[in-house]
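**Student:** Handing you a structure now.
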Amino acid sequence: MGRHKKVAEKEVEEKGMATLEFPEQESHLPTLPDVSPIEEITRAEIDSQIATAKKYPRGIRKFRQEALTMACCDVDIAGQCFYVLERAGKRIEGASVRLAEICANAWGNMRYGARIVGEDDKCVTAQGVSHDLEKNVASTIEVSRRITNKTGQRFSDDMVQVTKNAACSIALRNAIFKTIPFAYVKPIYEQAKKTAVGSLKTLKTRKADMIKAFIGLKIDEKMLEKFIGKPLEDAGLADVETLIGAYNAIKDGDTTVAEQFNIRSKGEAEMPRKKSEAQQETMPEFGE
């Protein structure tokens, strides 16, 4: 057999006969997109986290216990778990970014974060992302914040950065509370308010602490009385709750002192506080 093959090949060479060549057929299989090494690593990390989340599922009862313990472990932390805003003559209240962080930690099996995705001459836009790895539920929320005052003057670079940080915090809070059902959060939120406000026995101390905190923001007692609509000596537990929430709204960047107390001034009155000032001021530790 091998001898006959060699003879045939020799005859072809001698006669100059060309061998037949068949063109290669094109593949109709879809081509996969190129994936960068970073994308491969990220996918592997997420797949690993999802597998871990499925292996160790959360328990709702455990979540409530842990979140309540963290949110209400002391008066100072409880006081940071809610905010109150003044908008067009209406009071808006809700759970703060601090409570969102507490709930995300207790909920477990989550990825979350925030970043700036846009900036122009007038506004910055932050994007908050929250992903429940166990249930495969994800939320993406975008929040815009102004970086100019009422005269159209752009904030300084430091003020723009402070505004970006505040926008990221708000976007993150909103994304987390879109992922974790608020029906589970609400009892924790209500208990945190009760812990922060205290009782009639601690009412006097709570009011004194809030007056001191607002004086640090250059808000005097007359302005506080106008805000709650009554003399401070007549303020009750509900009014203390309002003051605590209003302070948190300013501290977390949901609003400014000028917006919260309807202060009409020029220049940088509408700007957020400097980062150094914001870091130095903390919620007062209320005494029992």
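Every number in this text was worked out from the coordinates using simple rules, so none of it is lab data. Note that the coordinates shown come from a computational prediction; the quantities given were computed from them, not determined experimentally. As a convention, Cβ positions derive from the backbone with ideal geometry for all residues, glycine included, and neighbour counts pool all protein chains shown.
**Student:** Quick query: amide H of ALA235 versus all other amide H atoms, modeled in the peptide plane; which residues come in under 5 Å with a sequence gap of 5 or more or a different chain?
**Tutor:** none
**Student:** Using only the alpha carbon atoms of the stretch 45-273, find the Kirkwood hydrodynamic radius as the inverse mean reciprocal pair distance, in angstroms to one decimal.
**Tutor:** 18.9 Å
**Student:** Could you give each residue of the stretch 223-237 its phi-based ³J(HN,Hα) in whole Hz, using Karplus coefficients 6.51, -1.76, 1.60 with θ = phi - 60°, and x for Gly or Pro?
**Tutor:** Couplings: 5, 5, 5, 5, 5, 8, x, 6, x, 4, 5, 9, 5, x, 5 Hz.
**Student:** Another question about this same structure. Mind listing the phi-derived Karplus ³J(HN,Hα) values for the stretch 127-132, rounded to whole Hz, using 6.51, -1.76 and 1.60 with θ = phi - 60°, and x for any glycine or proline?
**Tutor:** With coefficients 6.51, -1.76 and 1.60, one gets 10, x, 10, 9, 10, 7 Hz.
**Student:** Turning to a different aspect of this structure: Around CYS123, which amide H atoms from residues at least 5 apart in sequence, or from another chain, sit under 5 Å from its own amide H, with H modelled in the peptide plane?
**Tutor:** Counting only residues 5 or more places away or on other chains, the set is ILE147.
**Student:** Take THR69, THR255, THR202 and order them by how many other Cβ atoms sit within 10 Å, fewest up front.
**Tutor:** THR69, THR202, THR255
**Student:** Per residue of the stretch 96-106, in order, report the coupling 6.51 cos²θ - 1.76 cosθ + 1.60 (Karplus, θ = phi - 60°) as ³J(HN,Hα) in whole Hz, putting x for Gly and Pro.
**Tutor:** Per-residue couplings from phi come out as 8, 5, 4, 5, 4, 5, 5, 5, 5, 5, 6 Hz.
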